[in-house]
1. Give, rounded to the nearest 20 debye, the magnitude of the charge dipole that region 4-73 has about its Cα centre when Lys and Arg contribute +1 at Cβ and Asp and Glu contribute -1 at Cβ.
2. Enter the accessible area per residue of the chain (Å², integer; probe 1.4 Å; all protein chains in place).
3. When only DSSP loop residues count, what trypsin sites (Lys or Arg not before Pro) in region 40-69 have their Cβ near at most 14 other Cβ atoms within 10 Å?
4. Leaving out ligands, DNA and RNA, what percent of the accessible area of the chain is carbon and sulfur, probe 1.4 Å?
5. Between the helical axis of 44-55 and the dominant principal axis of the chain, each derived from Cα atoms, what acute angle in degrees is found, rounded to the nearest 10?
6. Between Glu30 and Ala17, what is the label-point separation in nm under the 7 Å Cα-to-beta-carbon projection?
7. In sequence order, what are the phi-derived ³J(HN,Hα) couplings for region 60-66 according to the Karplus relation 6.51 cos²θ - 1.76 cosθ + 1.60 with θ = phi - 60°, rounded to whole Hz, with x for glycine and proline?
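The values are calculated or read from the model by the stated rules, or taken from the named source; none is laboratory data. On a predicted model such as this, the values are computed, not experimentally measured, just so you know. A quick note on method: Cβ atoms are made from the backbone with ideal geometry, for glycine too, and the neighbour counts reach across all protein chains shown. Ligands, DNA and RNA are stripped out before the accessible areas are found, and what is left, the full protein with its side chains, is counted by its heavy atoms. Shrake-Rupley method; radii C 1.70, N 1.55, O 1.52, S 1.80 Å.
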Amino acid sequence: MVKNITLSAEASLIQRARQRAAEEHKSLNELFREWMAHYAGIGKSSEHYRRLMKHLAHARPGRTFSRDEMNER
C-alpha cells in the first residue's frame, strides 16, 4: 500500500533536486522512496555486506589455510 505525504522545501532546492534527478533519469518520488528505504534500514544488511566485501577486496592472506587452521579458535 502506497501512501501520500506532503513535504515542504525551498523552491530553489526543489528545482536543483529535480535537475539532478533528471540527470540520473529518476523522479524525485523515486529518489525519495530510495532514501526512505535506506533510512529505515530496509535491505541494509545485504547492501552493507556488499560494500564491506568491495572495501576488503584487496586483502589477501598470502597462502591457503588447511581445514584444521580454518577451524581453530
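1. 160 debye
2. 104 Å²
3. Listed in order of number, the matching sites are Arg63.
4. Summing carbon and sulfur atoms, their accessible area is 54 percent of the total for the chain.
5. Around 60 degrees separate the two axes.
6. 1.7 nm
7. 9, x, x, 7, 9, 9, 6
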